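Enquirer: Once you've had a glance at the structure underneath, I'll fire off some questions.
The values are calculated or read from the model by the stated rules, or taken from the named source; none is laboratory data. In this text the structure is predicted, and so the values were computed from the model without any measurement. When we count neighbours, we look across all protein chains shown, and the Cβ atoms used for this are built from the backbone with ideal geometry, even at glycine.
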Amino acid sequence: MNADGKHPLGGNNPKFSVLMSIYHKEVPLNFERAMQSIWNEQSVKPSEIVLVEDGPLTSELDNIIDQWKLRLNGIFHVVSLEKNLGTGDAKNFGLEKCSFEIVAIMDTDDISLFNRFEEQLNAFGRYNIDVCGAWINEFEVNETKIKTVRKTPEHHQDIVKFSKYRSPVNHVTTMFKKTVVMNSGGYQKMMWLEDYYLFVRLIQSGAIFYNIQKPLVCVRAGVSQLERRRGLKYVLSELRFQRKIFELDFLNLFEFSRNVALRFVVRMMPGQISTFIYSIIRRL
C-alpha cells in the first residue's frame with residue numbers, strides 16, 4: 001500500500017477481471033464448482049468475469065452459463081468463438097475483452113480458495129510486480145483430500161532460475177498486468193505449453209514475478225491428467241518448446257541438452273513408472 005493507504009493499482013479495492021475459457025468437454029458440475037469458488041466464496045469478489053466459449057458447447061454447459069448470466073448481470077461477460085481454437089487463442093481473445101489492468105486466470109474445473117484474490121491483490125500492493133502466482137493443492141476426487149502441493153519459488157531471482165527447467169508459475173493461479181502480457185505478444189502457439197512459453201517471454205521482457213508461498217487453488221490431478229503428459233506427441237511438443245527458448249537465448253546448450261534428455265526419458269517410460277516419477281518431481 002502507499003503511504004496514504006491506497007492501493008497502487010487504484011483505490012482501496014482495485015478492480016480486476018477474471019479470465020476463463022471453456023470448451024465442450026468440460027464437466028458441467030466441475031464448471032459450476034469453479035464459478036462458486038470465484039464468486040460465492042471469495043473474500044474479495046471480481047469486478048468482472050470474462051468467459052470465452054471456445055467453440056460450441058453442450059446444452060448442459062449452456063444452461064449453467066445462462067444461469068450465471070442472469071445472476072451476475074453486468075459482471076459475467078460471455079464471448080463466443082465459432083469453432084474450437086485452443087486455450088491459447090481463446091485466452092488471447094478473452095484478454096482483449098477484459099476491462100481492467102489486473103487479470104486473474106481461472107480454469108473452469110479448478111477451485112479457488114476463499115482468499116485467493118485478496119492475497120494476490122495484497123501482493124500487488126506490497127511489491128512492484130507484474131505477475132503473481134501461488135502454490136496449488138492437487139486432488140483426485142475429493143477437494144478436501146489433498147494428494148500433493150505443487151510449490152514454486154517466491155522471489156523473482158529464484159523464479160528465473162527455476163524457469164530454466166520447469167514452469168515458474170502455476171498457471172491456474174496467475175494474476176498479471178494485462179498491458180505487460182499483451183506487450184509481450186500474449187499467448188502464442190506452443191502445444192500444451194502456451195503458459196510456460198508466455199512466462200519465458202515475460203521474463204525476457206523484464207516483467208517481475210512473485211509467487212505467494214501458500215496454496216490458493218485446488219486442482220484436479222489424477223492419473224488421467226498425468227497420462228496425457230506421456231508419449232511421442234508430448235515429447236515432440238516439449239522438444240519444439242525447448243528448441244524455441246534455446247533460440248531465444250533463454251537456455252544455454254547445457255540447459256537445453258539436459259532438459260531434452262530428461263523429458264524424453266520420463267515421457268517415454270511405461271505409464272506407471274513415468275506417472276510415479278512425475279508425481280515425485282511435482283512434490284519437489
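Enquirer: Looking only at the stretch 26-55, filter to residues that are part of a loop (DSSP other than H, G, I, E, B) and more than 19 Å from Lys97 (Cα to Cα); which one of those is nearest to the chain's Cα centre (by Cα)? Quick ask: steps written out before the conclusion?
Expert: Step one: of the stretch 26-55, the residues part of a loop (DSSP other than H, G, I, E, B) are 26-27, 39-47, 55.
Narrowing further to those that are more than 19 Å from Lys97 (Cα to Cα): 26-27, 39-44.
Working: Glu26: 16, Val27: 19, Trp39: 18, Asn40: 21, Glu41: 20, Gln42: 18, Ser43: 20, Val44: 19 Å.
The qualifying residue nearest to the chain's Cα centre (by Cα) is Glu26.
So that you can scan it fast, the table gives a plain yes or no per residue for (1) in the same structural domain as Lys189 (by TED's automatic domain parsing); (2) farther than 24 Å from Leu202 by Cα; (3) among the hydrophobic types (A, V, I, L, M, F, W, C); (4) in contact with a helix residue (DSSP H, G or I) (Cβ under 8 Å, 6 or more places away or on another chain):
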{"site": "Asp89", "(1), (2), (3), (4)": "yes, no, no, no"}
{"site": "Cys98", "(1), (2), (3), (4)": "yes, no, yes, yes"}
{"site": "Ile102", "(1), (2), (3), (4)": "yes, no, yes, yes"}
{"site": "Asp107", "(1), (2), (3), (4)": "yes, no, no, yes"}
{"site": "Arg116", "(1), (2), (3), (4)": "yes, no, no, yes"}
{"site": "Leu121", "(1), (2), (3), (4)": "yes, no, yes, no"}
{"site": "Asp130", "(1), (2), (3), (4)": "yes, no, no, yes"}
{"site": "Gly133", "(1), (2), (3), (4)": "yes, no, no, yes"}
{"site": "Ile146", "(1), (2), (3), (4)": "yes, yes, yes, no"}
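Enquirer: Then there's this: Does any residue of the stretch 56-64 turn out to be outside any helix (DSSP H, G or I) and surrounded by 16 or more Cβ atoms within 10 Å (Cβ to Cβ)?
Expert: Checking the stretch 56-64: at least one residue is outside any helix (DSSP H, G or I) and surrounded by 16 or more Cβ atoms within 10 Å (Cβ to Cβ).
Enquirer: Right, next: Mind checking which pairs have a first residue in the stretch 159-176 that is over 12 Å from Val200 (Cβ atoms) and not assigned by TED's automatic domain parsing to the domain that holds Arg258 and a second that is surrounded by fewer than 17 Cβ atoms within 10 Å (Cβ to Cβ) and of a type outside the set (S, T, N, Q), Cβ under 7 Å, 6 or more apart or different chains?
Expert: If the second residue must be surrounded by fewer than 17 Cβ atoms within 10 Å (Cβ to Cβ) and of a type outside the set (S, T, N, Q), no pairs are left.
Enquirer: Which one of the conditions (1) buried (at least 19 other Cβ atoms within 10 Å of the Cβ); (2) farther than 27 Å from Leu262 by Cβ; (3) in contact with a helix residue (DSSP H, G or I) (Cβ under 8 Å, 6 or more places away or on another chain) does Tyr187 fail to meet, given that it meets all the rest?
Expert: For Tyr187, the exception is condition (2).
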